[in-house]
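Input: a single structure, listed below in structure tokens.
The values are calculated or read from the model by the stated rules, or taken from the named source; none is laboratory data. Keep in mind that what you see is a predicted model, and the values were worked out from it rather than measured. Because the Cβ atoms are built from the backbone with ideal geometry, glycine has one as well, and the counts that use them run over all protein chains shown.
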Amino acid sequence: MTRRERALRTVRRGTVLTVVALLGLVIVYVRALMFTPIERFQGPAQKIFYVHAPVAWASLLAFAVCGLLSVGYLFMRDRRLDLLAMSSAEVGVALSVAMLTTGPIWGKPIWGTWWTWDFRLSSTLFLFLLFVGYLVLRGALADHEVRARYSAVLGVMALALVPFIHLTVYWFRTLHPAPVIMKPEAPSLPGVMLVTLLMSLAVFTLLYGGFLTVRYGLAVLEDVRLEEAAHELS
Amino acid sequence: MTTRTAMAIALKDLAIEWRTKTAFMSSLVFAVLVLAILFFARDATAVSAFDLAPGALWVTFTFAGMLGLNRAFLVERENHSLDGLRLSPATPTAIFLGKVTGNLIFVGVVELVSLPLFVVFYDIAIWRQVPLLLTVIAMATVAFVAVGTVLSAMVVRTRFSEVMLPVLLLPFLVPPIVGAVQITWRILAERPLAEMSGWLSLLGAFDIVFFALALLLFDAIITE
Amino acid sequence: MNYPDNGAYMVAAYIVTAVVVVGYAAMLFYRSRKLR
């Protein structure tokens, strides 16, 4: 199988995964909007949680994967790791847009304000800007090998930065709701809502996987096309 | 050998800068202007100079410092002297340490000169707290310079390096600068050391982790 | 109805998320067409 054929196959598989995830998203939407009870004190706006939290998780997952792949690239110098890292960063940035818009939309009715410099909001904003910077850096470097190397360096540094940003959260007064799921004792979200949340988490994780696969396949196709063009010129 | 090479590189950069002093003067003037503008850009009846002071100090240091960072590698871009460095027996570690030292001295001098101006403009009494204040400034500057040196080495190859450096650097500066500001206002308010120990540890840990990381990663940047 | 009347926010958030997700999917789809 040529590289091009393999890339096309990857794109096809990714498309299937994405379509499945999108269908799952429809199911989650229906369940969250119509079959999950409304929270008494926060009202319907509380349901934003079922999309905001999973999309935040997915985008943070995307950035973490990019960071880990960057480490991998620096050790193995495999072109594919670089293309996969870039794809993950791009998907992460796209999902972050959803996260950073639904966050304030949730904040306004629940906390009474669109934005607070609450550090968790701020830190996700900084991560978003960091990975936009990652993509901008890539855009500004013409040589593919240099681009891969430099992006990997930035990715590794970004990965190291995340725990520090997290630490700063705990030492800063924060408005962000106390963790409801990841507490040592049993989660304080009632059964029906918990199931909706978990379903949504699964769907967004699947969506990330689908997007990643398609984007990676397309990146390889672009690479192949450049190779072929270079060949024709020589 | 590495130390001598690093020192040679640092001294070379400083000698080049000393001849024209352009970057140094620009950074200094910039620092003074930022301090002044921040002082005036507030409602004086609502925000006291004392409340504004820690933030103003660190914003000033950050931006004046960034002006100085770009200079370290921009100087190598002309005449392709970076290739010369690569071909020399200098190891990437030596080059990194040399550049970092040069940057530390440059940024350090800008900070030390603007600090008295800060005291004067904002009417801060800091005599008792000078050692602690200098410690915090040193720690935050190390963080800033370590990360900034790595990023400026990468960014120098792009066309808009002056813009790209802040874009990439600023997210990394959030933990150290937030920490520095938190510690600085506590110092100025003469709070007990126990109140700032957490932030000091954060700053210290950041310094260690990112200096080590920068050192390790610099090889990947320089070696083609 | 003893809960606050903030359904509009919920709708807005769900729409925004759908737009971003479908939008990115469409962009990928469009790009794949160009590359074939």
### Message
Please go through region B:179-192 and give me each residue that is under 12 Å from residue B:140 (Cα atoms) and surrounded by fewer than 21 Cβ atoms within 10 Å (Cβ to Cβ), ordered by number.
### Response
B:181
### Query
residue A:24 fails exactly one of the following numbered conditions: (1) within 9 Å of another protein chain (Cβ to nearest Cβ); (2) in contact (Cβ under 8 Å) with a residue 24 or more places away in the chain; (3) not aromatic (Phe, Trp, Tyr). What is the number of that condition?
(1)
### Task
Could you name every one of the helices (runs of 4 or more DSSP H) located completely within region B:128-224 that has at least 2 residues being more than 7 Å from every other protein chain (Cβ to nearest Cβ), at pLDDT 90 or above and in contact with a strand residue (DSSP E or B) (Cβ under 7 Å, 6 or more places away or on another chain)?
none
### Summary
Residue pairs within 8 Å by beta carbon, gap of at least six or interchain, first lying in region C:1-14 and within 7 Å of another protein chain (Cβ to nearest Cβ), second surrounded by 16 or more Cβ atoms within 10 Å (Cβ to Cβ) and among the aromatic types (Phe, Trp, Tyr), listed first then second, are C:9/A:106; C:13/A:106; C:14/A:29
#### Entry: Single condition residue A:38 does not satisfy, out of (1) at pLDDT below 95; (2) more than 7 Å from every other protein chain (Cβ to nearest Cβ)
(2)
#### Entry: Counted residues, region A:114-158 - those being under 30 Å from residue B:202 (Cα atoms), surrounded by fewer than 23 Cβ atoms within 10 Å (Cβ to Cβ) and more than 10 Å from chain B (Cβ to nearest Cβ)
9
#### Entry: Residues (modelled with pLDDT under 95 and among the basic types (Lys, Arg)) located in region A:209-234
A:225
### Residue list for region A:17-38, restricted to those being touching a Leu at 6+ places or on another chain (Cβ under 9 Å) and surrounded by fewer than 16 Cβ atoms within 10 Å (Cβ to Cβ)
A:20
### Query
Which of the residues that make up region A:205-234 are more than 11 Å from chain C (Cβ to nearest Cβ) and more than 18 Å from the chain's Cα centre (by Cα)?
A:226, A:227, A:228, A:229, A:230, A:231, A:232, A:233, A:234
### Message
If I ask for residues that are polar (S, T, N, Q), buried (at least 22 other Cβ atoms within 10 Å of the Cβ) and over 14 Å from residue B:11 (Cβ atoms), which ones from region B:84-122 would you list?
### Response
B:114
### Task
Return yes when residue A:89 is surrounded by fewer than 23 Cβ atoms within 10 Å (Cβ to Cβ), of a type outside the set (Ser, Thr, Tyr) and touching a residue at least 60 places away in the same chain (Cβ under 8 Å) and no when it is not.
no
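If you check residue A:203 against the conditions, is it at pLDDT 90 or above, more than 17 Å from residue A:81 (Cβ to Cβ) and assigned to a helix (DSSP H, G or I)?
yes
Residue-wise test of (1) of a type outside the set (Gly, Ala, Ser); (2) touching a strand residue (DSSP E or B) at 6+ places or on another chain (Cβ under 6 Å); (3) surrounded by 22 or more Cβ atoms within 10 Å (Cβ to Cβ).
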{"position": "A:40", "(1), (2), (3)": "yes, no, no"}
{"position": "A:46", "(1), (2), (3)": "yes, yes, yes"}
{"position": "A:54", "(1), (2), (3)": "yes, no, yes"}
{"position": "A:61", "(1), (2), (3)": "yes, no, no"}
{"position": "A:67", "(1), (2), (3)": "no, no, yes"}
{"position": "A:84", "(1), (2), (3)": "yes, no, yes"}
{"position": "A:97", "(1), (2), (3)": "yes, no, no"}
{"position": "A:101", "(1), (2), (3)": "yes, no, no"}
{"position": "A:104", "(1), (2), (3)": "yes, no, no"}
### Count of residues meeting criterion [surrounded by fewer than 18 Cβ atoms within 10 Å (Cβ to Cβ) and over 8 Å from the mean Cα position of the chain (by Cα)] in region C:13-34
7
